[in-house]
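The values are calculated or read from the model by the stated rules, or taken from the named source; none is laboratory data. None of these values were measured; they are calculated from a predicted model. For neighbour counting, all protein chains shown are included, and Cβ atoms are generated from backbone atoms with ideal geometry for every residue, glycine included. Just the protein is used for accessible areas: all its heavy atoms, side chains included, with ligands, DNA and RNA removed. Shrake-Rupley method; radii C 1.70, N 1.55, O 1.52, S 1.80 Å.
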Amino acid sequence: MADTKAGAPVALSAAAFKVSFTGSTHFDAYFSELSGITSEVEPVEYIAADSATGEPIMTKQFGKVKPPTVTLKRGVDGSGTIFGWHEMARQMVGAARLPGTLEILGHPESSGADRPVLATYYLHNAWPSKVEVGNLKAGASEIVLETVTFTCEKVTTTPM
């Protein structure tokens, strides 16, 4: 989050999202929606007995760490780049794990200007674990959406 002059945090308002991946190939992809960045540690209930009284003691402990996921949506562009990459992951090709960045882009300051980067997330060894093409209806004028879920070993960010 960016800070204002008074030091209070300001919520981000994004105009677009850009993911860039490097490795065996380099490509950039733009998305219109970030459905979420999810990181989770499952709680585990631990039950023990107090040695003096025998009373049960219940606590929550850290449990299984689930790999972080990043879910993005965009209009289908017909390039097939992400779907081809997903196919590599389905075939368990090790080269399908790529380092990448997710940039949250703001609104341009003026017409024709570049969009400012509001925040950057680093996706460590990411791969597209799920690709979904939205509902299709013949004759409809809606844009066909592609939803991509990237699974990562770790997601990090730097303070703004």
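General observations
- When the criteria are applied in full, Ala16 meets the requirement of being hydrophobic (A, V, I, L, M, F, W, C), touching a Ser or Thr at 6+ places or on another chain (Cβ under 7 Å) and either open to solvent by less than 70 Å² (accessible area, probe 1.4 Å) or at pLDDT 90 or above (or both).
Each row is one residue, and each column tells you yes or no for (1) within 30 Å of Ala14 (Cα to Cα); (2) open to solvent by less than 60 Å² (accessible area, probe 1.4 Å).
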site: Thr38; (1), (2): yes, no
site: Glu45; (1), (2): no, no
site: Ser51; (1), (2): no, no
site: Lys66; (1), (2): yes, no
site: Trp85; (1), (2): yes, yes
site: Gln91; (1), (2): no, no
site: Pro99; (1), (2): yes, no
site: Asn125; (1), (2): yes, yes
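- Verdict on Phe27 being under 18 Å from Ser129 (Cα atoms), touching a strand residue (DSSP E or B) at 6+ places or on another chain (Cβ under 9 Å), surrounded by 15 or more Cβ atoms within 10 Å (Cβ to Cβ) and modelled with pLDDT under 90: yes
- Contact map, the range 21-49: first residue without any contact (Cβ under 8 Å) to a residue 60 or more places away in the chain, second residue open to solvent by 70 Å² or more (accessible area, probe 1.4 Å) and outside any strand (DSSP E or B), Cβ cut-off under 6 Å, separation 6 or more or different chains; the map is empty.
- Number of positions in the range 68-83 that are open to solvent by less than 40 Å² (accessible area, probe 1.4 Å) and more than 19 Å from the chain's Cα centre (by Cα): 0
- Val117 being open to solvent by 30 Å² or more (accessible area, probe 1.4 Å) and within 19 Å of the chain's Cα centre (by Cα): yes
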